[in-house]
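The values are calculated or read from the model by the stated rules, or taken from the named source; none is laboratory data. Just so we're clear, the structure is a prediction, and the values are computed from it rather than from any experiment. Quick reminder, even Gly has a Cβ in these numbers, built from the backbone with ideal geometry, and neighbours come from all protein chains shown.
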Amino acid sequence: MWTRLGAVALVAGALPAVWWYVRATGSKGPALPVLEAAPDFTLCDQDGRRVGLADFPGRAKVLSFFYIRCSDARACPMTTRHFRRLQQALGEELGRRVVLLLITLDPEADSPGALKKYGQLYQADFRNWHFLTGTRTEIEAVCRDYQIVAEPQPDGSLRHSVITFLVDPENRIRRLYVANAWEPEELRCDLETLLGQNPGSSETEP
């Protein structure tokens, strides 16, 4: 039977993902220890606005990577469904203090317009859920910063890391969720714990 660590290696196909996993699960101390500073970025959302972590002060962020054409049911489609269920589970009050960010790995195909239609397909509430794209250079830079691997395959698909990051209001990575082996309610509970530690007020959208 595959362990969760084995599942990360299988899906991501790269050591950086395993390194992140060991850092996340091997830490001692608080239930949600500070792992790393979350690298900031500026990308374009589904409405054509340039946004990054710094544009959401006082909010926790849930960040992951995907691409629209992904046909692996265990990867991008499941990630998006998890995000949708998480958004529903947050409700209005907690939802005002949390931002969901999905970053495409296929910027040439995933334009802001395509991302908008994709989000609508999943009934996303764009008030606190942003689908992000950019130039190839910008996306590759974000992948390097977050140690995300995206390897083109002969059939045109991408073999990529499947990792979701929990980022606190001070833009520090506090937990990783790997290979979609997590439940939205689990992440919601972690957000409640995290925001109890960081009781700041919510801000308006950029």
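Would you say residue 83 is surrounded by 22 or more Cβ atoms within 10 Å (Cβ to Cβ), touching a strand residue (DSSP E or B) at 6+ places or on another chain (Cβ under 6 Å), of a type in the set (Phe, Trp, Tyr) and assigned to a helix (DSSP H, G or I)?
When the stated conditions are applied, residue 83 passes them.
Would you check if there is a residue in the range 62-78 being under 18 Å from residue 174 (Cα atoms) and either without any contact (Cβ under 8 Å) to a residue 24 or more places away in the chain or of a type in the set (Phe, Trp, Tyr) (or both)?
Scanning the range 62-78 turns up at least one residue that is under 18 Å from residue 174 (Cα atoms) and either without any contact (Cβ under 8 Å) to a residue 24 or more places away in the chain or of a type in the set (Phe, Trp, Tyr) (or both).
Tell me which residues, restricted to the range 43-55, are part of a loop (DSSP other than H, G, I, E, B) and either charged (D, E, K, R) or under 15 Å from the mean Cα position of the chain (by Cα) (or both).
Scanning the range 43-55 gives 45, 47, 49, 52.
Residues 92, 108: which one is surrounded by fewer than 19 Cβ atoms within 10 Å (Cβ to Cβ) and within 24 Å of residue 161 (Cβ to Cβ)?
108
I'd like to check which helices (runs of 4 or more DSSP H) are fully inside the range 102-206 and have at least 2 residues that are farther than 19 Å from residue 51 by Cβ and at pLDDT below 95.
It comes to 184-197.
Give the number of residues within the range 49-81 that are touching a Cys at 6+ places or on another chain (Cβ under 8 Å), of a type in the set (Phe, Trp, Tyr) and over 17 Å from residue 141 (Cβ atoms).
1
Only one residue in 74, 69 is over 16 Å from the mean Cα position of the chain (by Cα) and within 22 Å of residue 147 (Cα to Cα), so which one is that?
69
Return only the number of the condition from (1) assigned to a loop (DSSP other than H, G, I, E, B); (2) out of contact with any Phe, Trp or Tyr (no Cβ under 6 Å at 6 or more places or on another chain) that residue 68 does not satisfy.
If we test residue 68 against (1) assigned to a loop (DSSP other than H, G, I, E, B); (2) out of contact with any Phe, Trp or Tyr (no Cβ under 6 Å at 6 or more places or on another chain), just (2) comes out false.
Would you be able to tell me the number of residues in the range 112-146 that are of a type in the set (A, V, I, L, M, F, W, C) and either crowded, with 21+ Cβ neighbours inside 10 Å or in contact with a strand residue (DSSP E or B) (Cβ under 7 Å, 6 or more places away or on another chain) (or both)?
Counting residues in the range 112-146 that are of a type in the set (A, V, I, L, M, F, W, C) and either crowded, with 21+ Cβ neighbours inside 10 Å or in contact with a strand residue (DSSP E or B) (Cβ under 7 Å, 6 or more places away or on another chain) (or both) gives 8.
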